[in-house]
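What follows is a short report on a single structure.
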């Protein structure tokens, strides 16, 4: 398998974009609603090892971005642009990640609201990553 066609600068940019979106999503946009749905208090959240949580999240977002770049390069022909990259990302986000989250939420008996907050973040960030990777393809 040839990985030489992967643009690692684009992968890194897509990773940073997802991380920034997550920072906004889970603070100013939906932070309090997300906390409420999970029953998390401010005190509970402060007890977490934020360096480990943020570092691990960034690494996992990098892995997702790299996987998206690989998928676009292998399946996207040479004419992939930002729009097709975004379509690939939204497709993966909606039909794989969103559906998978839905299954987990059903068995965990979590709310639709929590599913929507978490799933739509993933769907949007994968669409955004796809757009960035497609633009630099």
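The values are calculated or read from the model by the stated rules, or taken from the named source; none is laboratory data. As the structure is a computational prediction, the values presented were derived from the model and not from experiment. Glycine gets a Cβ as well: all are built from the backbone with ideal geometry, and neighbour counts include every protein chain shown.
Under 23 Å from residue 132 (Cβ atoms) and either touching a residue at least 12 places away in the same chain (Cβ under 8 Å) or assigned to a helix (DSSP H, G or I) (or both) - does that describe any residue in region 102-115?
Taking every residue of region 102-115 in turn, none turns out to be under 23 Å from residue 132 (Cβ atoms) and either touching a residue at least 12 places away in the same chain (Cβ under 8 Å) or assigned to a helix (DSSP H, G or I) (or both).
Tell me the helices (runs of 4 or more DSSP H) entirely within region 1-92 that contain at least 2 residues that are within 16 Å of residue 123 (Cβ to Cβ) and modelled with pLDDT of 95 or more. Steps first, answer last, please.
Numbers: elements: 8-24, 31-38, 42-46, 50-75, 82-92.
It comes to 8-24, 50-75, 82-92.
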Here are 125, 96, 54, 62: which of them is exposed (fewer than 15 other Cβ atoms within 10 Å of the Cβ), under 16 Å from the mean Cα position of the chain (by Cα) and under 30 Å from residue 4 (Cβ atoms)? 96
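Using the structure shown, decide if residue 85 is under 18 Å from residue 119 (Cβ atoms) and within 18 Å of the chain's Cα centre (by Cα). So that I can check it myself, show each step before the final result.
Details: under 18 Å from residue 119 (Cβ atoms): no; within 18 Å of the chain's Cα centre (by Cα): yes.
In short, no.
Name the residue, out of 90, 29, 45, that is surrounded by fewer than 16 Cβ atoms within 10 Å (Cβ to Cβ) and either within 16 Å of residue 128 (Cα to Cα) or in contact with a helix residue (DSSP H, G or I) (Cβ under 8 Å, 6 or more places away or on another chain) (or both). Spell out the reasoning first.
On the way: 90 fails: surrounded by fewer than 16 Cβ atoms within 10 Å (Cβ to Cβ); 29 fails: either within 16 Å of residue 128 (Cα to Cα) or in contact with a helix residue (DSSP H, G or I) (Cβ under 8 Å, 6 or more places away or on another chain) (or both).
Among 90, 29, 45, only 45 is surrounded by fewer than 16 Cβ atoms within 10 Å (Cβ to Cβ) and either within 16 Å of residue 128 (Cα to Cα) or in contact with a helix residue (DSSP H, G or I) (Cβ under 8 Å, 6 or more places away or on another chain) (or both).
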